[in-house]
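> To start, I am sharing the structure in question, which I have written as structure tokens.
The values are calculated or read from the model by the stated rules, or taken from the named source; none is laboratory data. It should be emphasised that the depicted structure is a prediction, and the values quoted were computed from it without experimental measurement. Glycine gets a Cβ as well: all are built from the backbone with ideal geometry, and neighbour counts include every protein chain shown. Accessible surface areas use protein heavy atoms only, side chains included; no ligands, DNA or RNA. Shrake-Rupley method; radii C 1.70, N 1.55, O 1.52, S 1.80 Å.
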Amino acid sequence: MPVKQICKDRNPPESSGFRPDEGLREMKTIIRKMMQPDRKTAEEAARIWRAGGLVAFPTETVYGLGGNGLDASASEKIYAAKCRPSDNPLILHIAERSQLDGLVRKITPQAEKLMKTFWPGPLTLIFEKSEQVPLETTGGLQTAAIRMPSHPVAHYLLQTAGIPIAAPSANRSGRPSPTTAHHVIEDLDGRIDMIIDGGDVGIGVESTIVDLTGDIPCLLRPGYITVEDLEAAVGKIDLDPAIYHQVSANVHPKAPGMKYRHYAPKADMAIVQGYDEAVVSYINRQIALHPDQKIGVLATTENASKYQGGLVLCVGDQRNMAEVAHNLFGALRRFDDLGVDQIYSESFTTKGEGLAVMNRLMKAAGHTVIRLEGADNDSHWM
Ligand code: TXA
Ligand code: MG
């Protein structure tokens with residue numbers, strides 16, 4: 001399937017490779033608050049979905065930009081609104097297990113085990129797709145990614161709609177995923193039909209993705225459900241190399257989204273690895289050497305007070321990776337708002353939810369790492 005480079009933007013960035021949409025008309029985006037399931041708003045959203053429109057909504061991971069996943073033209077609208085390359089497939093969101101059967105060709109015992117253990121929740125599974133799922137939704141692939149969110153508002157919306165909803169993260173392509181409705185408004189107001197404001201999301205990084213189409217389950221994207229959690233449920237799993245390595249444009253990783261530069265803040269970013277003291281003194285030296293630059297520091301609670309200058313954003317405690325994950329994307333967006341020229345980030349463990357944090361940070365930094373003496377020589381990260 002040819003990759004259509006359409007983008008709902010009159011002036012897409014030159015580097016994006018998108019053609020401008022000359023026929024673009026801004027639409028009025030309806031914004032509704034829905035902190036608890038609410039029938040009237042859910043029915044309004046369901047009507048929009050059934051008519052082929054787009055509604056952004058909260059999930060437990062990040063906000064999603066939803067459209068009818070069985071309607072090829074709704075999927076095309078999602079790509080255009082986000083300026084997302086159409087070879088990057090969308091995740092189908094369902095409310096009930098019974099919806100899965102029509103979407104996939106077979107359900108293995110491993111899939112059953114993972115669904116029983118982690119659904120509803122932040123785990124996306126890849127299956128061979130049925131005829132029902134259009135190639136426009138799967139970016140031309142014969143497989144489909146499916147997830148059943150646990151967020152009460154997301155669940156209620158999906159149940160009310162009664163159709164599988166294709167939903168990527170509700171950000172413009174290349175920006176950090178949205179963790180508040182305000183982030184969605186920044187990126188998509190005037191480009192989609194409706195935004196449902198369900199407050200701050202709980203987890204803050206996107207779902208864990210596991211491919212079940214091979215003999216051994218393969219982790220494609222780390223998330224809140226960790227390698228350790230998955231292995232406790234189904235035994236040994238493989239890790240896709242694209243989790244660690246930078247993927248060049250001519251390579252086809254299993255999750256096509258891994259080849260695009262995601263989560264990128266506008267400023268250059270580098271991750272500094274080493275003992276705490278060495279990291280703090282390296283960053284302080286950079287701040288002192290470049291008084292003309294606005295330097296952002298992505299810091300932990302342990303070190304935040306030790307920086308002498310710079311715009312310091314604290315994302316949480318080194319021993320609480322769930323807290324760091326929750327604050328990460330908001331901090332990257334905040335650096336954009338503050339107009340910093342350069343960001344230095346502390347480095348984190350890759351254990352537990354730390355793997356998701358480091359995977360997103362590495363992508364944000366374009367894999368730029370400064371390794372100081374004493375850095376834990378974690379050769380995974382290239
Ligand atoms: O937490 C989440 O998963 C959020 C919320 C809204 O549910 N959604 C999300 O979607 O993060 P998105 O589109 O931003 O990321 C989906 C990722 C992409 O990297 C894509 O390449 C991969 O899933 N993916 C989707 N379908 C796939 C498939 N059939 N095979 C391999 N990778 C797939
Ligand atoms: Mg995304």
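> I want to confirm something. Restricting to the stretch 267-279 and keeping residues that are surrounded by 15 or more Cβ atoms within 10 Å (Cβ to Cβ) and part of a loop (DSSP other than H, G, I, E, B), which single residue is farthest from ligand 2 (Cβ to nearest atom)?
Gly274
> Answer yes or no as to whether Ile209 is β-branched (Val, Ile, Thr) and either buried (at least 21 other Cβ atoms within 10 Å of the Cβ) or touching a residue at least 24 places away in the same chain (Cβ under 8 Å) (or both). Break it down into steps so the answer makes sense when it comes.
Details: β-branched (Val, Ile, Thr): yes; either buried (at least 21 other Cβ atoms within 10 Å of the Cβ) or touching a residue at least 24 places away in the same chain (Cβ under 8 Å) (or both): yes.
Yes: the conditions hold for Ile209.
> Scan the stretch 302-311 and tell me whether some residue there is open to solvent by 40 Å² or more (accessible area, probe 1.4 Å) and assigned to a strand (DSSP E or B).
Checked the stretch 302-311: at least one residue is open to solvent by 40 Å² or more (accessible area, probe 1.4 Å) and assigned to a strand (DSSP E or B).
> Mind telling me which of the residues Ala233, Ala242, Ala299 ends up being crowded, with 19+ Cβ neighbours inside 10 Å, in contact (Cβ under 8 Å) with a residue 12 or more places away in the chain and within 22 Å of Ile91 (Cβ to Cβ)? Reasoning before the result, please.
Numbers: Ala233 fails: crowded, with 19+ Cβ neighbours inside 10 Å; Ala299 fails: within 22 Å of Ile91 (Cβ to Cβ).
None of the other options fit; the residue is Ala242.
> Considering the stretch 105-155 alone, what residues qualify as being open to solvent by 10 Å² or more (accessible area, probe 1.4 Å), among the hydrophobic types (A, V, I, L, M, F, W, C) and more than 27 Å from Pro37 (Cα to Cα)?
Selection gives Ile107, Ile126, Leu135, Leu141.
> Now, a different point. Taking only pairs six or more apart or across chains, which ones have beta-carbon atoms under 8 Å, a first residue in the stretch 280-292 that is open to solvent by 40 Å² or more (accessible area, probe 1.4 Å) and modelled with pLDDT of 95 or more, and a second residue that is of a type in the set (S, T, N, Q) and not in a loop (DSSP other than H, G, I, E, B)?
His290/Gln342
> Please state which of the following conditions Leu125 fails to meet, knowing it meets all the rest: (1) over 20 Å from Ile203 (Cβ atoms); (2) away from ligand 2 (no atom under 16 Å from the Cβ).
Just one mismatch for Leu125, condition (1).
> Now for a separate question. Give the residue, chosen from Lys106, Lys113, that is away from ligand 2 (no atom under 16 Å from the Cβ), in contact with a helix residue (DSSP H, G or I) (Cβ under 6 Å, 6 or more places away or on another chain) and within 21 Å of Ala144 (Cβ to Cβ). Don't jump to the end; show me each part of the working.
On the way: Lys106 fails: in contact with a helix residue (DSSP H, G or I) (Cβ under 6 Å, 6 or more places away or on another chain).
Just a single option satisfies the conditions, and that option is Lys113.
> Pairs, please: C-beta under 6 Å, at least 6 apart or cross-chain, first residue closer than 19 Å to Asn171 by Cβ and within 16 Å of ligand 1 (Cβ to nearest atom) and in the stretch 45-62, second hydroxyl-bearing (Ser, Thr, Tyr) and assigned to a strand (DSSP E or B)?
From residues that are closer than 19 Å to Asn171 by Cβ and within 16 Å of ligand 1 (Cβ to nearest atom), the pairs are Val62/Ser169.
> Here's another thing I want to ask about it. Can you find a residue in the stretch 31-39 that is open to solvent by 10 Å² or more (accessible area, probe 1.4 Å), among the hydrophobic types (A, V, I, L, M, F, W, C) and within 14 Å of Arg191 (Cα to Cα)? Steps first, answer last, please.
Step one: of the stretch 31-39, the residues open to solvent by 10 Å² or more (accessible area, probe 1.4 Å) are 31-33, 35-39.
Narrowing further to those that are among the hydrophobic types (A, V, I, L, M, F, W, C): 31, 35.
After this cut, where a residue has to be within 14 Å of Arg191 (Cα to Cα) as well, the list is 31.
Yes, the stretch 31-39 has at least one match.
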